[in-house]
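K.L.:
Quick one: the structure is below, questions incoming.
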Amino acid sequence: MKKCEKKYFIFIIYNVIFLILFFVVHVVPFCLRHPVVVFGSFCFMLTRCAVLFYLLFLLLPPPSSSFLLFLYIFPRLSPTFLPIHPQRYEFWFSTEKNANLFQKNPWQYLPAFGGHCTHGISESFGGMTAADIVDGRRGFTCVHGPRWYILNGTLYMNSCSMYEDFIKDPLGDIAKAKKQWEEWGFGGEWRGPMNDACFQDYTEWMKDDPMNPIGHLIPERCVTG
């Protein structure tokens, strides 16, 4: 759980040196002797520069008002699911104090079932598979609003509409969701895929059409199936 990895800096330095040497040794002579080949060399260099800028973008520090931490995927997913979601999970915090508290014990603060919709999991989302939920675009949850529930210090999330069904019997929903979660092969309420691909804006959903179960998603049309 670090803001960046040292190996990325080493990779960037190596590529900068490589590009300088490549330009001096190859590009300049090619420009003098073979102008036609210059275009190919330029495309090659442009590709490497694009990779460098992308890595630099990943390593940019977060805004001064935010703090970024990573949670590595390996403790949460079995190797079977890594091809579906190989990326680390990102967590942003408004204060350094909150980031430090999370870093000391992330399992204490992570929502149950990876922040996916608890009621939806209890109903298995109408036949959704473990691979579907690892993908992250089926178990979307409600944000920017009060539709969450804390029981015994654990946060349970739901989609904006399914919260109404969940709150009728929280204990029953949680028990069914836990059983389904384990049947999918995830270990306990905190081990398994995180919801990092699809959310629902409660504020806009309530203003516009609270009868639409998949209205005002973030990002738009992120849900699959």
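The values are calculated or read from the model by the stated rules, or taken from the named source; none is laboratory data. Computed from a prediction, not measured in an experiment: that's the story for all the values here. No Cβ is skipped: glycine too gets one built from the backbone with ideal geometry, and neighbour counts run over all protein chains shown.
K.L.:
Restricting attention to the range 79-108, which residues are over 17 Å from Pro193 (Cβ atoms) and of a type in the set (Ser, Thr, Tyr)?
P.N.:
Those that are over 17 Å from Pro193 (Cβ atoms) and of a type in the set (Ser, Thr, Tyr): Ser94, Thr95.
K.L.:
Tell me the residue from Ile214, Ile174 that is touching a residue at least 12 places away in the same chain (Cβ under 8 Å), closer than 21 Å to Asp132 by Cβ, part of a loop (DSSP other than H, G, I, E, B) and assigned by TED's automatic domain parsing to the domain that holds Gly136, please.
P.N.:
Ile214
For (1) within 25 Å of Ile84 (Cβ to Cβ); (2) over 20 Å from the mean Cα position of the chain (by Cα); (3) not assigned by TED's automatic domain parsing to the domain that holds Pro86, each residue gets a yes or a no:
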{"site": "Gly120", "(1), (2), (3)": "yes, no, no"}
{"site": "Phe125", "(1), (2), (3)": "yes, yes, no"}
{"site": "Asp169", "(1), (2), (3)": "no, yes, no"}
{"site": "Gln180", "(1), (2), (3)": "yes, yes, no"}
{"site": "Gln200", "(1), (2), (3)": "yes, no, no"}
{"site": "Asp208", "(1), (2), (3)": "no, yes, no"}
{"site": "Val223", "(1), (2), (3)": "yes, no, yes"}
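K.L.:
Next up: Which residues, counting only those in the range 75-97, are of a type in the set (Phe, Trp, Tyr) and either within 16 Å of Gly115 (Cβ to Cβ) or surrounded by fewer than 11 Cβ atoms within 10 Å (Cβ to Cβ) (or both)?
P.N.:
Tyr89, Phe91, Trp92, Phe93, listed by residue number.
K.L.:
It is to be established whether one or more residues within the range 144-165 are more than 30 Å from Asn105 (Cβ to Cβ) and part of a loop (DSSP other than H, G, I, E, B).
P.N.:
Among the residues of the range 144-165, at least one is more than 30 Å from Asn105 (Cβ to Cβ) and part of a loop (DSSP other than H, G, I, E, B), which makes the answer yes.
K.L.:
Any residue in the range 99-109 that is in contact with a Phe, Trp or Tyr (Cβ under 8 Å, 6 or more places away or on another chain), at pLDDT below 70, assigned by TED's automatic domain parsing to the domain that holds Ser159 and surrounded by 15 or more Cβ atoms within 10 Å (Cβ to Cβ)?
P.N.:
No, because not a single residue in the range 99-109 is in contact with a Phe, Trp or Tyr (Cβ under 8 Å, 6 or more places away or on another chain), at pLDDT below 70, assigned by TED's automatic domain parsing to the domain that holds Ser159 and surrounded by 15 or more Cβ atoms within 10 Å (Cβ to Cβ).
K.L.:
Can you list residue pairs whose Cβ atoms sit under 9 Å apart, with the first residue in the range 80-108 being in a helix (DSSP H, G or I) and the second being loosely packed, with under 15 Cβ neighbours inside 10 Å and of a type in the set (A, V, I, L, M)? Count only pairs 6 or more apart in sequence or on different chains.
P.N.:
From residues that are in a helix (DSSP H, G or I), the pairs are Thr80/Ala131; Phe81/Ala131; Phe102/Met1; Gln103/Met1; Pro106/Met1; Gln108/Leu101.
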